[in-house]
Each structure stands twice: as C-alpha cells, then as structure tokens.
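Here is the structure we will look at, set down as structure tokens.
The values are calculated or read from the model by the stated rules, or taken from the named source; none is laboratory data. Since we're looking at a predicted model, the values are computed, not measured. All Cβ positions, glycine included, derive from the backbone under ideal geometry; neighbour counts span all protein chains shown. With ligands, DNA and RNA removed, areas are computed over all heavy atoms of the protein, side chains included. Shrake-Rupley method; radii C 1.70, N 1.55, O 1.52, S 1.80 Å.
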There are 2 protein chains.
Amino acid sequence: MKIAGTPYRTIWRADAAVEIIDQTSLPHGFVTRRLATMEDAAHAIRSMQVRGAPLIGATAAYGLCLALERDPDSLEAAYKTLLATRPTAVNLRWALDDMARVLRPLAGARRIEAAWKRAAESCDEDVALCESIGRHGLKLIEQVKHRPVNILTHCNAGWLACVDWGTALAPIYMAHDAGIPVHVWVDETRPRNQGAYLTSWELKSHGVPHTVIVDNAGGHLMQRGQVDMVIVGTDRVTANGDVANKIGTYLKALAAKDNDVPFFVALPGPTIDWTMDDGRDIEIEERAPEEVTRIAGVQVVPEGVKAANPGFDVTPARLVTALITERGVCPASREGLLSLYPEQRAKARA
Amino acid sequence: MKIAGTPYRTIWRADAAVEIIDQTSLPHGFVTRRLATMEDAAHAIRSMQVRGAPLIGATAAYGLCLALERDPDSLEAAYKTLLATRPTAVNLRWALDDMARVLRPLAGARRIEAAWKRAAESCDEDVALCESIGRHGLKLIEQVKHRPVNILTHCNAGWLACVDWGTALAPIYMAHDAGIPVHVWVDETRPRNQGAYLTSWELKSHGVPHTVIVDNAGGHLMQRGQVDMVIVGTDRVTANGDVANKIGTYLKALAAKDNDVPFFVALPGPTIDWTMDDGRDIEIEERAPEEVTRIAGVQVVPEGVKAANPGFDVTPARLVTALITERGVCPASREGLLSLYPEQRAKARA
C-alpha cells in the first residue's frame with residue numbers, strides 16, 4: 001500500500017539485513033527500523049514493533065535468515081528462540097516450520113541463500129493470499145444494500161498486520177477502490193489501541209471514511225442499526241472454526257449474533273491450526289499489566305492496584321457467520337473448512 | 001465511607017454553599033470543591049466532577065437550594081437549567097420534581113429553608129436506599145459457593161456514584177465486611193475510565209481485593225470460569241426492566257448470558273422510569289469525541305480522525321438475571337418491578 005504516494009510493504013530485505021515499519025511509532029511518527037540480527041527480529045516481535053499473525057510469521061522467517069547469516073548451524077536454536085516470542089499466533093509456527101522444512105536438508109553454508117529465497121517467496125505468497133481474501137470478501141460487501149456500507153472492525157487486521165493488503169481490511173480497500181461507499185467503525189482496541197493507532201492510520205492514509213469508537217460502543221451501534229457487517233482478522237482458527245483473535249472480539253461476535261449482523265473472519269490458510277479440534281485449549285498470552293495500568297505513559301489506576309491482561313479471546317464458531325479465506329468463503333465449521341482445504345482431511349481427522 | 005480514616009459523603013452542605021468530592025481529580029488527588037451557585041452545581045454535573053445517577057440527583061437538588069439562596073423566585077428557571085445538564089439519568093428529573101413538589105406551594109422566601117431541608121432529607125434517603133440494596137444484594141453473594149467470590153463490575157456504581165454506600169458496590173462492601181472473601185474484576189470503562197479511576201480507588205480505600213481489566217477482557221474471563229457474578233448499576237430502568245447504563249454494559253450482559261453467569265443490576269427506586277415502556281426510546285447522550293481521541297491529555301488517533309462517543313447503552317431485560325432494589329430482589333420485568341412497587345401499577349399501565 002502507499003504511504004504519501006510511496007508504495008511500501010511492512011517488511012523487506014536490505015542486503016544482509018531486514019527493514020520493517022516500526023509500528024510502535026505510529027500513528028504520530030513513521031519510522032523504519034533495521035533488523036541486523038536474529039535477536040533484533042525476536043525483539044521486534046516481542047515488543048510488537050511488528051504484530052499481526054501473518055507479519056509475525058514473515059518476521060520470524062527473516063529472523064532465521066539473519067541467524068544463518070551469522071552462523072549457518074544455528075537453525076535449530078534460532079527456531080526455538082523465535083517460536084517462543086509470542087504464543088498465540090499459529091502463523092509463527094507455520095512460517096518457522098515452512099522454513100525448517102526447506103532448510104534442514106541443506107548443508108550449513110547453502111542454507112543462507114535458500115533461507116533468503118524462501119523468506120521472500122513466503123512474503124510474496126502472503127501478499128497473494130491477502131489479495132485473494134480481498135477479492136472474496138469484496139463480494140460479501142457488494143451484497144449489502146445499505147449506503148454507505150457500515151463495517152465494524154476490531155484491532156488491526158490491515159496491511160500493517162500482514163506484508164501487504166491485510167486480511168479483514170483487504171475487502172474494504174477493494175470495495176473503496178471499486179467506488180462502493182464504505183464507512184468503517186474502528187474499535188480503539190485497548191489495551192494497546194491498535195485500532196486507534198494503526199487501523200485509523202491505515203484507513204486515513206488510503207482515504208477510507210471511518211470513525212473511531214471505544215471498545216464498549218459496538219454493541220450499542222448494532223442495536224441501533226448502524227452496523228451492516230463485522231469483519232475481523234484472527235491469530236488462529238481451529239479445525240472446527242473457532243476463532244482466536246484480539247481480546248474483545250468475542251464480545252463483538254455476541255452482539256452481532258444478538259442483532260442479526262453478519263460476523264465475518266478473514267484469514268489466510270496458514271492461520272488454520274488443523275492440529276487443534278477446538279478453541280478451548282488455545283493458550284492465551286497474558287501480557288504485562290502495565291499495558292492496562294498505563295496509557296500513553298500515564299498511570300490510570302491508583303498506585304499499587306493490580307491488573308490482568310489476557311491478549312486474546314476465543315470466539316466460538318457458532319457466532320461466526322462465515323470465514324473469508326484465499327480460497328473462498330465457507331461456514332465456520334470442520335466441514336466448511338475442509339470443503340476449501342480438502343488436502344487437510346487426513347490431518348484434521350487425526 | 002471512610003477515606004484515610006475520615007468518614008465522608010460525596011456531597012454535603014456547608015453553610016449557604018455545598019461541598020463535593022471532585023471526582024475528576026481521582027484517583028491521584030483527593031480534592032473537595034465548594035459549589036456556591038446554581039451554575040457551579042450545573043457545571044459540576046456537566047463536567048462530571050459529580051457523576052452517578054443518584055449523586056447527579058442529589059447535586060441537582062442542592063443546585064436548586066443555591067439558586068433560591070440568590071433569588072427565591074428562580075425555581076422554574078433553575079429547574080430547567082439543571083434538568084438539561086445530563087440527558088440519560090432519570091434520577092436527575094426525579095430529584096428535581098421531588099424538590100419542586102415541595103417548593104412550588106411555598107411563598108418565595110419560605111422556599112429557601114424548605115429546599116435545604118428537603119435536599120438533606122433526600123440525601124439521607126439515598127443513603128438508606130443504598131444500604132438496603134446492599135443488604136439484599138449480600139444475600140445473593142452469600143449463595144455463591146466459589147471462594148473467593150469473583151464479581152465483575154462495569155463503570156462506577158459505588159459510593160462515589162451515590163451519597164454513600166453505592167448501588168452495585170454496596171453488596172460487595174457488606175460481603176467484605178462480613179468476612180466473605182470477595183474479589184472484584186473492575187472494567188476500566190473507557191472512555192472516561194471510571195472503573196480504573198474511581199472503582200479501583202474506592203475498593204483500594206476500603207481494602208477490597210480487586211483487579212483492573214480492559215473492557216475487552218470480561219467475556220474471556222467468563223468463558224474461562226473466572227467470574228461468578230456480575231453486578232452493575234444503572235442510570236435508568238424502564239417499566240419492563242430494560243437497563244440503561246454506561247456504554248459497554250450490554251456487551252457484558254451478553255457474555256454473562258452466554259456463559260450462565262448471573263447478571264444483576266442494583267438500583268434504588270428513583271432510577272425506575274415508570275413512564276417508559278421499554279428501553280428502545282431512551283435518549284443516549286452523545287458526549288464529546290475528545291473523550292475518545294485523547295487519553296490523559298495524549299492524542300491517541302491520527303490528527304483529523306473522527307470519533308463517536310455514545311455514553312450509554314441499553315441492556316434488554318431478557319439478559320438481566322434479577323434487579324436488586326431497596327425493597328428486595330425481583331425479575332427484570334414489568335410484573336417483577338410491580339411486585340416490589342405495587343403503588344406504581346396505575347402509572348405503569350398508563
């Protein structure tokens with residue numbers, strides 16, 4: 001996507017290093033950052049300079065490249081370090097496994113160039129997946145009669161969460177570009193405000209009309225008929241269609257169901273965890289309490305007061321109208337997913 | 001309740017003026033403020049130096065006293081000004097009507113003393129109502145087997161929202177004082193953070209164990225069995241049991257229903273709007289967008305981005321397990337309410 005007229009991706013190779021957009025500097029500053037070592041990449045993931053399931057995967061893949069540049073025999077150690085950076089996004093493991101599958105058969109020195117090649121391919125594939133998600137999601141937006149089409153989204157599942165295009169926002173960008181009047185309700189998404197900071201920045205940069213709301217407001221807007229559809233991204237979809245996503249997604253899904261508002265989840269295939277039967281057992285990352293107790297550096301609770309900070313929740317498949325994938329739209333169910341990914345039938349049954 | 005050992009109410013007479021705890025200074029400072037004129041009282045309500053449905057009513061009653069002190073013939077003008085300060089809380093109108101009923105028959109000069117007398121009585125009555133709500137709610141907490149009893153609350157319906165005791169928090173204080181181990185999940189309650197600022201300050205001051213969470217987190221905690229009950233306050237309950245309360249309450253009620261967690265609403269009789277059949281038509285205050293776009297003085301969205309800021313939502317009676325009033329606990333329904341307030345049967349039928 002373009003920033004002030006210049007096309008960008010969220011991550012790219014720069015000689016023997018990698019560059020990223022530092023998302024912790026947004027929306028007030030636009031800063032790119034050079035990752036020279038595997039530890040830089042791990043830190044970028046942990047500190048959420050990069051975030052979003054697909055981009056976490058891409059950064060981990062490039063992290064392996066950086067490790068191998070230093071030491072061609074460090075594959076297994078780097079794999080472990082990178083895998084431990086964030087627990088919930090399944091794309092992280094997927095991207096690392098994909099790299100390892102290509103690299104393990106190769107002798108030490110030959111791994112380096114193969115790693116860079118595969119990481120770059122993987123990024124290109126992610127862009128293609130997102131573009132395809134956008135095309136399938138666009139058809140759902142086209143079906144809405146109301147003008148403008150009011151779409152609510154939670155957190156950031158835009159191009160900043162991926163390599164380009166985004167998942168949940170890809171259909172919105174395509175609808176906007178196709179001349180369909182759209183308006184996006186952007187949940188601010190406490191505690192890290194990815195909606196207020198990132199989604200509104202993306203939408204503003206692209207010129208898509210939108211309004212920021214607190215996370216508390218979406219239910220009320222649905223009750224009053226001001227939301228035509230919800231589209232969110234996801235960090236992991238289990239084999240039965242349960243959806244792990246940013247904390248608070250579940251509440252919006254409940255409100256959508258209660259008000260007959262279609263609730264869509266956009267995802268690329270690698271976000272599906274075929275090894276998990278349902279979402280009840282997904283490990284939910286517990287993040288630092290300071291993300292809750294301090295906002296923009298200001299203490300917002302009395303001194304000494306405790307906070308809890310679960311980063312994600314699980315929306316049961318029964319609340320999801322449909323999944324939007326690069327292969328098409330399907331019901332959020334085992335059979336729905338297998339209809340699009342029949343090659344996984346054996347794995348899902350295991 | 002006590003602050004550092006000294007018993008306080010949220011509002012009290014001081015000669016020909018009124019003093020309040022300035023709630024916009026909490027939790028980091030404790031400031032009392034002198035209201036010398038009716039306009040001071042109106043400003044205190046508008047700017048949320050005082051907030052909470054019962055306390056808004058008490059402040060409006062004292063606002064009339066201040067107006068009459070200056071001009072004994074200013075009753076009707078002051079009534080209008082004060083009524084327009086906040087649109088959603090029904091206690092505001094109730095308190096003003098109660099005062100007007102007493103004062104209208106009296107000649108100008110005699111009104112002054114009668115006004116002070118009635119406002120003080122009204123405060124004492126509010127304290128008695130809250131204490132009684134506490135006693136009835138305590139029985140519900142006593143029925144929970146799990147220890148500690150995990151109670152989730154939204155916004156602030158503690159003693160800071162009333163004259164003393166609180167509504168939703170009164171049963172919690174009584175349970176704690178009775179030696180029942182309780183733990184409170186405190187929704188931070190964006191955009192004004194009344195949970196993080198006020199509820200956590202109250203609970204800390206009284207020594208009640210609690211943990212602050214973002215508004216997004218409650219559903220997840222319920223899914224994982226970490227909430228035994230929800231108790232919230234309300235700004236207006238319609239004759240059928242629909243509940244207007246701080247924006248986001250509806251989302252928590254949906255999650256409670258979805259997880260079989262009892263959802264209770266605590267309220268004094270004056271919060272019931274017998275003239276409204278249901279909550280669909282309640283006017284929802286749209287507050288300033290800056291409450292969303294700036295947190296603690298810091299801009300959290302890109303420059304020029306719009307925000308919407310509805311202050312309340314309506315939780316349909318079907319999601320409410322029971323109402324806790326000063327007269328006892330009843331189903332959230334027309335018949336439930338009339339069983340406790342049979343004298344309203346004629347009004348509710350009209």
When residues of the range B:1-60 are limited to those that are under 15 Å from the mean Cα position of the chain (by Cα) and free of Cβ contacts under 8 Å to residues at least 40 places away in the same chain, the one nearest to residue B:170 (Cα to Cα): B:56
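Just name the residue that is farthest from the other protein chains (Cβ to nearest Cβ) out of those in the range B:248-281 that are of a type in the set (Ser, Thr, Tyr) and under 22 Å from residue B:140 (Cα atoms).
Start the filter on the range B:248-281 by keeping residues that are of a type in the set (Ser, Thr, Tyr), which leaves B:249-250, B:271, B:275.
Then keep just the ones that are under 22 Å from residue B:140 (Cα atoms); that gives B:249-250, B:271.
Working: B:249: 8, B:250: 4, B:271: 19 Å.
Filtering first and then ranking leaves B:271.
Modelled with pLDDT of 95 or more, within 15 Å of the chain's Cα centre (by Cα) and not basic (Lys, Arg): which single residue out of B:212, B:265 fits that description?
On the way: B:212 fails: within 15 Å of the chain's Cα centre (by Cα).
Going through B:212, B:265 in turn, just one is modelled with pLDDT of 95 or more, within 15 Å of the chain's Cα centre (by Cα) and not basic (Lys, Arg): B:265.
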message: Can you tell me which residue is surrounded by the most Cβ atoms within 10 Å (Cβ to Cβ) among those in the range B:271-301 that are of a type outside the set (Ser, Thr, Tyr) and over 23 Å from residue B:235 (Cβ atoms)?
response: B:301
- line: When residue A:245 is run through (1) at the interface with another protein chain (Cβ under 9 Å from one of its Cβ atoms); (2) out of contact with any helix residue (DSSP H, G or I) (no Cβ under 6 Å at 6 or more places or on another chain), the failure sits at (1)
task: Go through the range B:137-157 and give me each residue that's touching a strand residue (DSSP E or B) at 6+ places or on another chain (Cβ under 9 Å), assigned to a helix (DSSP H, G or I) and surrounded by 19 or more Cβ atoms within 10 Å (Cβ to Cβ).
output: B:137, B:140, B:141
query: Under the condition of being facing chain B (nearest Cβ under 8 Å) and in a helix (DSSP H, G or I), which residue from the range A:169-197 is most open to solvent (accessible area, probe 1.4 Å)?
result: A:197
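Go through the residues of the range A:264-280 one by one and say whether even a single one is farther than 25 Å from residue A:158 by Cα and in a strand (DSSP E or B).
No, the conditions are met nowhere in the range A:264-280.
Take the range A:198-225 and flag every residue that is in a loop (DSSP other than H, G, I, E, B), of a type outside the set (S, T, N, Q), free of Cβ contacts under 8 Å to residues at least 40 places away in the same chain and within 7 Å of chain B (Cβ to nearest Cβ). Even if it seems obvious, please write down each step before you answer.
Taking the range A:198-225 first, the residues in a loop (DSSP other than H, G, I, E, B) are A:207-209, A:214-217, A:224-225.
After this cut, where a residue has to be of a type outside the set (S, T, N, Q) as well, the list is A:207-209, A:214-215, A:217, A:224-225.
Next, only the ones that are free of Cβ contacts under 8 Å to residues at least 40 places away in the same chain stay: A:207-208, A:214, A:217, A:224-225.
Correct list: A:214, A:217.
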query: Which members of the range A:302-331 meet the condition of being over 28 Å from residue A:191 (Cα atoms), buried (at least 19 other Cβ atoms within 10 Å of the Cβ) and among the hydrophobic types (A, V, I, L, M, F, W, C)?
result: A:330
